[in-house]
Amino acid sequence: MICSIIASALIIIAIALLMGLTPEQVTDDLIRLITPKDSLRDEARAIRGNKKKHGIYASLMKMKAALAATGKSKQFSLVCFLSLALFAAGAILSVLIENLFLMPVLSAAFALLPFFYIANTLSYYEKRTKEELETTLSIVTTSYIRSDDIVSAVRENLSYIKPPLREVFCAFEGDATAVSSNIKRALFNLREKVDDEIFREWCDTVIQCQDDRTLKDTLLSVVAKLTDVRIVNSELKTMLASVRNEYWMMVALVGGNIPLLYLLNKDWFNTLMFSTPGKAVLGICGAVILITALFMLKFTKPIQYKR
């Protein structure tokens with residue numbers, strides 16, 4: 001089996017070299033393949049600001065933007081190429097163990113591994129951004145209420161703002177002073193640079209304050225929402241961790257039954273591993289584990305504020 005796996009891997013590498021495929025080219029082709037075609041209704045919604053989310057495409061674009069913000073944009077092409085290679089490896093492995101029922105499960109599971117790794121790496125960046133966002137908006141809001149000038153409020157606090165938000169507010173300060181005097185346009189550009197609903201609400205409120213100065217006091221309540229979300233996530237952290245641990249323990253028990261069955265009754269083990277009904281059962285179990293794992297990761301994520 002090992003020789004077959006090595007031979008299959010060498011064949012895939014040889015085909016890629018003969019066709020001159022590069023990770024960037026493969027990534028561009030995959031993105032072009034899954035890019036949704038917007039209808040006139042979708043374009044109208046986008047103009048009004050109601051952008052329709054397109055599942056996998058939206059997730060990939062969000063991950064690409066996050067990697068670009070952390071200075072690791074080149075890793076996105078490598079991750080997509082590695083995911084495609086692992087997808088093929090999962091299909092080859094299912095053929096080698098002579099269980100075609102496991103082919104979709106192994107292919108999907110192997111293909112998702114690089115994205116899970118990147119998601120875990122980016123989670124630290126997102127956590128750090130949200131923590132810094134609370135401090136940054138608090139000091140900028142306090143200065144803005146005092147000075148009644150958002151550009152001056154940002155400028156006098158730039159030295160206290162830490163990365164990665166410092167670059168974002170530096171760009172806003174330069175846009176509002178060197179590029180154009182249209183503060184609303186600069187605030188709209190600032191609004192789109194951080195993927196956080198509370199930050200966007202804060203920017204919307206500051207934009208409204210340009211026409212009605214009495215709305216400045218409402219900014220404090222918007223900033224307070226960041227503190228509330230952080231406190232709730234801290235309280236839920238232990239509870240969600242226990243749920244994830246219980247789930248993975250159940251998965252380990254299900255997977256551990258296979259070698260246990262070999263020790264208890266080899267006839268049952270042979271029926272499960274080598275008969276068609278047994279292979280179908282393994283395929284169903286694998287699909288259930290994969291689907292429930294995705295739902296578990298979705299429902300145990302830290303909560304996010306939604307307007």
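Among Gln210, Val140, Val168, which residue has its Cα furthest toward the positive end of the charge dipole of the range 127-211, with +1 on Lys/Arg Cβ and -1 on Asp/Glu Cβ?
Val168
In the range 192-244, which GluC sites (Glu not before Pro) are in a loop and have at most 15 other Cβ atoms within 10 Å, using DSSP for the loop call?
For GluC sites (Glu not before Pro) across the range 192-244 that sit outside H, G, I, E and B with at most 15 neighbouring Cβ atoms in 10 Å, the list reads Glu192.
Using 0.36 nm per residue of separation minus the Cα-Cα distance, give me the extension gain between Asp228 and Arg185 in nm, one decimal.
Using 0.36 nm per residue and subtracting the Cα-Cα distance, I get 12.5 nm.
Would you mind computing, in nm to one decimal, how far apart the modelled labels at Ile258 and Asp148 are, each placed 7 Å from Cα along Cα→Cβ?
So the two model labels end up 7.1 nm from each other.
Can you tell me what the convex hull of the Cα atoms of the range 122-209 projects to on average, as an area in nm²?
5.2 nm²
What ranking, highest mean first, results for peptides 109-118, 159-168 when packing means the other Cβ atoms within 10 Å averaged over each residue?
109-118, 159-168
Please work out the C-alpha center-to-center distance from the range 244-307 to the range 186-230 and express it in whole Å.
Each part reduced to its Cα centre gives a spacing of 45 Å.
Output ³J(HN,Hα) for the range 287-292: one whole-Hz value per residue in order, computed from phi by the Karplus curve 6.51 cos²θ - 1.76 cosθ + 1.60 with θ = phi - 60°, and x for Gly and Pro.
Ordered by residue, 3J(HN,Hα) equals 5, 5, 4, 5, 5, 5 Hz.
Quick note: the coordinates plus some simple rules give every number you see, no bench work behind them. As the structure is a computational prediction, the values presented were derived from the model and not from experiment. When we count neighbours, we look across all protein chains shown, and the Cβ atoms used for this are built from the backbone with ideal geometry, even at glycine.
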